[in-house]
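The values are calculated or read from the model by the stated rules, or taken from the named source; none is laboratory data. Just so it is clear, the model here is predicted, and its values are computed rather than measured. FYI the Cβ positions are ideal-geometry reconstructions off the backbone, even for glycines, and counts take in every protein chain you see. Accessible surface is based on the protein model in full, side chains and every heavy atom, while ligands, DNA and RNA are left aside. Shrake-Rupley method; radii C 1.70, N 1.55, O 1.52, S 1.80 Å.
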Amino acid sequence: MLWRESDLSLIDCLWSFLALCFLAAFCFHKTLARPQKEHEKSTLFTCFQDLIRYGKTKQALHRGDWLRVFDVPKRWFWHFYLVSFCWNVFLLVLYLNSTCRQQPLPSWLTGILDMLTGVVTTDIKVPQLSTVLVQLLLSIHSLRRLLECLFVSVFSDGVIHLVQYVFGLGYYIVLGLTVLCSDHGAKGTGSLMSQLDWIHVVGFIIYVGASLLQHRSMLLLARLRTGTSGKVETLAHRMPTGGWFELVSCPHYFAELLIYISFSLVFGGLSLTWWLVVLYVLFNQALAGQLCHELYVSKFHSYPKHRKVIIPFVF
């Protein structure tokens, strides 16, 4: 949905709801942070913490055996990016095939888009540069993260909740559809290059910079567990240093936020739908970053006090 349209569509409501859920979870966690020991024996509190934590931030949580039944290995993160890459390439091929050959999208896809946007799909005369670019960049992003999970990251025996795993798979499916929804009704004409505007270039530059930042951060995290030979030396959690880790505890989360902002700029900054996605990513990464930051502060007594959580000098 474009910004100039006033009524919220189903896809807008979905992303607004998810953003509010993670904002509420963040606020609830911050509220209970100090009197946490008073609630440690509460089943409700434990279930809440079990749902919002994963990996290293979950290891210190006192959980009953019945909760561990829902544990899934964190190293399965690569499943998310494999699904995302395959799905987004598939959607991109469908989109380009439809617009370049002047054929309608498959009926099942138009039905989903119509339901999510509340706008009846009309045949697009030419491919929209914004849609093609975001779908392509999202595919590249997913492929890079997949390769990092398989060949760069060194996973310990950390776990995620089964609900988080299922949510992650569904998230990337909906995200791909959201790309098509965000430019639904766009009226760009002419060839792809003729639609190129300065804001596309700015968005692309931010995307490249943020991707490099995230990759560099993942390399630094991996080197905490590997020696100079590249072989794994330990699975223990060490204090990250170097790069943007000198400014924030989780620069890779900040980079993720910048990547989604870059997508919004590629959409010309006019897609309300995608700004709602950015809002969701902000609260999601803020919660994950806060949990990591608290762990580092409690685990390493010499942890630098000037380091923020995810956004340098701000939060």
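Please state which one of Thr241, Thr228 is hydroxyl-bearing (Ser, Thr, Tyr), under 21 Å from Leu213 (Cβ atoms) and open to solvent by 40 Å² or more (accessible area, probe 1.4 Å).
Working: Thr228 fails: under 21 Å from Leu213 (Cβ atoms).
Answer to the selection: Thr241.
Out of all the residues in the stretch 81-109, which are modelled with pLDDT of 90 or more and of a type in the set (Ser, Thr, Tyr)?
Correct list: Tyr81, Ser84, Tyr95, Ser107.
Residues in the stretch 200-209 that are under 17 Å from Trp275 (Cβ atoms) and among the hydrophobic types (A, V, I, L, M, F, W, C): how many? If you could, list the steps in order and put the result at the bottom.
Residues of the stretch 200-209 under 17 Å from Trp275 (Cβ atoms): 200, 202-203, 206-207.
Subset that is among the hydrophobic types (A, V, I, L, M, F, W, C): 202, 206.
Total meeting the criteria: 2.
What are the pairs, 6+ residues apart or on separate chains, where a residue within the stretch 129-158 that is open to solvent by 20 Å² or more (accessible area, probe 1.4 Å) has its Cβ under 6 Å from a residue that is part of a loop (DSSP other than H, G, I, E, B)?
Filtered contacts from the stretch 129-158: Val154/Arg225.
Look at Tyr165 and say whether it is touching a strand residue (DSSP E or B) at 6+ places or on another chain (Cβ under 8 Å), closer than 24 Å to Leu10 by Cα and open to solvent by 20 Å² or more (accessible area, probe 1.4 Å). Explain how you work it out, then say what you get.
On the way: touching a strand residue (DSSP E or B) at 6+ places or on another chain (Cβ under 8 Å): yes; closer than 24 Å to Leu10 by Cα: yes; open to solvent by 20 Å² or more (accessible area, probe 1.4 Å): yes.
Yes.
For Ser298, state whether it is modelled with pLDDT under 95 and small (Gly, Ala, Ser). Step through it out loud before you land on a result.
On the way: modelled with pLDDT under 95: yes; small (Gly, Ala, Ser): yes.
Considered against the rule, which asks whether it is modelled with pLDDT under 95 and small (Gly, Ala, Ser), Ser298 comes out as yes.
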